[in-house]
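None of the figures in this text is laboratory data; all of them are computed from the coordinates on show. This is a predicted model, so every value here is computed, not measured. Reconstructed Cβ throughout: ideal geometry from the backbone, glycine too, with neighbour counts over all protein chains shown.
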């Protein structure tokens, strides 16, 4: 739930439809959900931060060099076709240039999502922070700096530093952002403000997110994802004692669709708390199984520890 872009997009992108979302009973905390985090480890899991960044940069440079070369060749072809008054060939060259531009950006977006796996699948907060800092030092464009600030905000949130996450968001400024980036900013803002007890800030971010949804998102898939995000944030921010069976069913559906380990852990923790609040200690402990949850971010590790302590207290009181 925390990374909207890569786990709403993968609900379809990284929150996709995997398996049966039925409730766990005795052994497996979620039928069909991956039990081994290694199955979703990033391509950079065995690398240091420097190695990961250098690998990404070398791939970028290779792709960019090929892209520029093809653009130049197609441009020369377009000029030659224009000189020859061959309008169909000229238009075809322009079409190829446009297609190449789209393909290059799609490939680079895919490469960047692979890099994000350091945080969202490996849960290696410190490594990802170092990679993003090198990223910011390498590319100085304003849009790149805003992207880095957002990623560092997610790093700070995962590191259990919600105030630091909000500071990173503030560093992005107030300039108009792309829709998906704005949704991600509001996502993490809601969660951070909620943790800090800043109800006014939380509600303002939620209202802005609802306004975006109500304003008519033309891409149907994105509109559906935002609706799911709003439901997830409502569940996160409401009094947990008020969680209903319908809320738990939604959590299980999201867990079954989650492919990012970061988000699987979030839903496991929420479901464990739901079962704890409803008196099913055995099922709650099953959701908190260390082998299932590892690797954990500092925030998730703290939350797991708090839930285990509450379970121990509840069991001792029986």
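Which one, 49, 89, 284, has the greatest fluctuation when you compute a Gaussian network model over the chain with C-alpha springs under 10 angstrom?
Between 49, 89, 284, it is 89 that shows the largest mean-square fluctuation.
Between residue 231 and residue 308, how high is the FRET efficiency from 1/(1 + (r/R0)^6) when r is the Cβ-Cβ distance and R₀ = 35 Å? Nearest 0.05.
Rounded to the nearest 0.05, the efficiency is 0.80.
What percent does the relative contact order of the chain come to when contacts are Cα pairs within less than 8 Å and at least six residues apart? The partial results should precede the final answer.
Values: 375 pairs, mean separation 89.5, N = 318.
Reported relative contact order: 28 percent.
Calculate how steeply helix 125-138 sits against the longest principal axis of the alpha-carbon atoms of the chain, using the helix alpha-carbon long axis, and give the answer as 0 to 90 degrees to the nearest 10.
20
Work out the FRET efficiency for residue 210 and residue 76 from their Cβ-Cβ distance, taking R0 = 41 Å, and round it to the nearest 0.05.
So the FRET efficiency works out to roughly 0.20.
Report, in degrees rounded to the nearest 10, the 0 to 90 angle that the Cα long axis of helix 162-171 makes with the longest principal axis of the chain.
20
What number do you get for segment 176-237 when its Cα radius of gyration is normalised by 2.2 N^0.38 Å, N = residues?
1.06
In a GNM of the chain with a 10 Å cut-off on Cα contacts, which of 280, 83, 122 has the highest mean-square fluctuation?
Taking springs between Cα atoms under 10 Å, the residue moving most is 83.
Tell me which label goes with the value of Rg and Dmax of the Cα atoms in Å computed from the coordinates here: (1) 27.8, 109; (2) 21.8, 72; (3) 22.3, 89.
Working out Rg and Dmax of the Cα atoms in Å from the coordinates points to (3).
Report the full-extension gain for the segment residue 91 to residue 176: residue separation times 0.36 nm, less the Cα-Cα distance, to one decimal in nm.
Extra length from residue 91 to residue 176 when fully extended: 27.2 nm.
Would you compute, for the Cα atoms of segment 75-155, the largest minus smallest coordinate along each principal axis and list the three values in descending order, in whole Å?
Extents along the principal axes, in whole Å: 58, 24, 14.
Could you state the angle between the C-alpha long axis of helix 49-83 and the longest principal axis of the C-alpha atoms of the chain, as a value from 0 to 90 degrees rounded to the nearest 10?
Roughly 30 degrees, rounded to the nearest 10.
Tell me what the chain gives for mean residue ellipticity at 222 nm when only DSSP H runs of n ≥ 4 count, each as -39,500 (n - 2.57), the sum divided by the residue total, rounded to 500 deg cm²/dmol.
One gets -24000 deg cm²/dmol as the mean residue ellipticity at 222 nm.
Run the quick spin-label model on residue 69 and residue 218: label points 7 Å from Cα toward the beta carbon, then report their separation in nm to one decimal.
Distance between label points: 3.7 nm.
Compare 148, 180, 45 in a GNM of the chain, Cα atoms joined below 10 Å, and give the one with the largest fluctuation.
Of 148, 180, 45, the most mobile in the Gaussian network model is 180.
Please arrange 147, 297, 69 by how many other C-beta atoms lie within 10 Å of their C-beta, fewest to most.
Values: 147 21, 297 25, 69 10.
Lowest to highest Cβ neighbour count: 69, 147, 297.
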